[in-house]
Amino acid sequence: MASAQEQGLKLLGAASGVSPYVIRAQMALGIKGLTYDYLPEDPRCKSDLLLASNPVHKKLPVLIHGSRPVCESLIILEYLDDAFPGNGVSILPTDPYHRVVARFWATYVDNKLFPSCIGILKTRKPQERADKVEETLSSLGLLEAALAECSIEEEAEALFFGGGSLGLLDIALGCYLPWIEAIGCLASMPPFLDATRTPKLAAWAERFRAAEPIWGLLPEADKVEKYISTVLYPKWKAALTAPETN
């Protein structure tokens, strides 16, 4: 395995250790068997390197390959797969149709599932919270069906969304598992991934957590709970109480 210096890979990531998007990039690097230098950043005090590497959004993570920055976690996943085709297993399917299906669901997870899930904690109104819970459960039900479809395609029980190995959608959804668990605990709810309601997803989550190199990257749910309570809750409260400006 080439060293991080030989590969010229650096990852700018949050120092908190709980960002699902940074963890997503770390998972892809691990699956591809790539070494890299991890440069922790404080999002509240952005470094010159971060601002120069991602001048548009000024957000993490940023992968730097040589002197070239790559931004946005899902784009980083695809870049690593294309830039290092001989390393590890392929993250994206080789079939064009299966590739676009994986991209569709990965985007769905980011744009629909997670916003609904974390939205449960961002409102104090009972009906709004109930609506967010229903949206979250509905989204998980659709992903349960998508995993079942993978089994039909494989003509056998699919271990992962990527078939026999971890793929794009596995990483895209799996990085949120500690957050989904933490949100349920903070909302005093039973687990969202339930063996009765979503048996395939529940079994998939167990396999995903135990897979190499995932098990060492996912934070414990209580660490995410602490981050939500000490960092996000105050931020949300400040946003709600901020005076409106014309």
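The values are calculated or read from the model by the stated rules, or taken from the named source; none is laboratory data. The structure presented is a predicted model; accordingly, all values stated were derived computationally and were not measured. Every residue, glycine among them, receives a Cβ derived from its backbone with ideal geometry; neighbour counts consider all protein chains shown. The accessibility values were calculated without ligands, DNA or RNA, using every heavy atom of the protein model including side chains. Shrake-Rupley method; radii C 1.70, N 1.55, O 1.52, S 1.80 Å.
List the residues whose amide H sits under 5 Å from the amide H of residue 14, counting only those 5 or more places along or on another chain, with H placed 1.01 Å from N in the peptide plane.
41
Return the calculated 222 nm mean residue ellipticity for the chain, to the nearest 500 deg cm²/dmol, obtained by summing -39500 (n - 2.57) across DSSP H runs with n ≥ 4 and dividing by the residue count. Intermediate values should be presented prior to the final figure.
Values: 12 runs with 126 residues, N = 246.
My calculation for the chain gives -15500 deg cm²/dmol from helical runs alone.
Tell me which residues come under 5 Å, amide H to amide H, from residue 70 once H is placed; ignore anything under 5 positions away on its chain.
63, 64, 65
Only loop residues by DSSP count here, and only those with at most 16 other Cβ atoms within 10 Å; note down the GluC sites (Glu not before Pro) in the stretch 105-162 that meet that.
Details: sites: 128, 134, 135, 144, 149, 153, 154, 155, 157; in loops: 155, 157.
Answer in residue order: 155, 157.
Take the alpha carbon atoms of the stretch 12-31, find their center, do the same for the stretch 113-180, and report the distance between the two centers in whole angstrom.
19
Of all chymotrypsin sites (Phe, Trp or Tyr not before Pro) in the stretch 143-205, which ones are in loop regions per DSSP and have a Cβ with at most 13 other Cβ atoms within 10 Å?
Numbers: sites: 160, 161, 176, 179, 192, 204; in loops: 161, 176, 192.
For chymotrypsin sites (Phe, Trp or Tyr not before Pro) across the stretch 143-205 that sit outside H, G, I, E and B with at most 13 neighbouring Cβ atoms in 10 Å, the list is empty.
Across the stretch 203-220, in residue order, what do the Karplus-derived ³J(HN,Hα) couplings come to in whole Hz, using 6.51 cos²θ - 1.76 cosθ + 1.60 with θ = phi - 60° and x for Gly and Pro?
3J(HN,Hα) across the stretch 203-220, in whole Hz: 5, 4, 4, 5, 5, 5, 4, 8, 6, 6, x, 6, 4, x, 9, 6, x, 5.
Mind running the shape call on the chain? Use the C-alpha gyration tensor, a ≥ b ≥ c as the square roots of the eigenvalues: rounded below 1.5 for a/c, prolate if a/b tops b/c, oblate otherwise. All intermediate terms of the calculation are to be shown ahead of the outcome.
On the way: a/c = 1.87, a/b = 1.07, b/c = 1.75.
In terms of gyration-tensor shape, oblate.
If you roll a 1.4 Å probe over the stretch 65-193 with all protein chains in place, what percent of the accessible area is carbon or sulfur?
Numbers: 3530 of 6230 Å².
Taking all protein chains in place, the stretch 65-193 shows 57 percent carbon and sulfur surface.
Rounded to the nearest 5, what is the percent of antiparallel bridges among the DSSP beta bridges in the stretch 1-106? Present the calculation step by step, with values, prior to reporting the outcome.
Details: 8 of 13 bridges.
Expressed as a percentage, antiparallel bridges in the stretch 1-106 total about 60.
Tabulate in residue order the Karplus-calculated ³J(HN,Hα) for the stretch 108-122, using 6.51 cos²θ - 1.76 cosθ + 1.60 with θ = phi - 60°, rounded to whole Hz; enter x for Gly and Pro.
Taking θ as phi minus 60°, the curve returns 4, 4, 6, 8, 10, 4, 5, x, 5, 5, 6, x, 4, 8, 8 Hz for the stretch 108-122.
Would you pull out the residues with amide H under 5 Å of residue 158's amide H, same chain only if 5 or more places away, H placed 1.01 Å from N?
Distant-sequence amide H within range of residue 158: 151.
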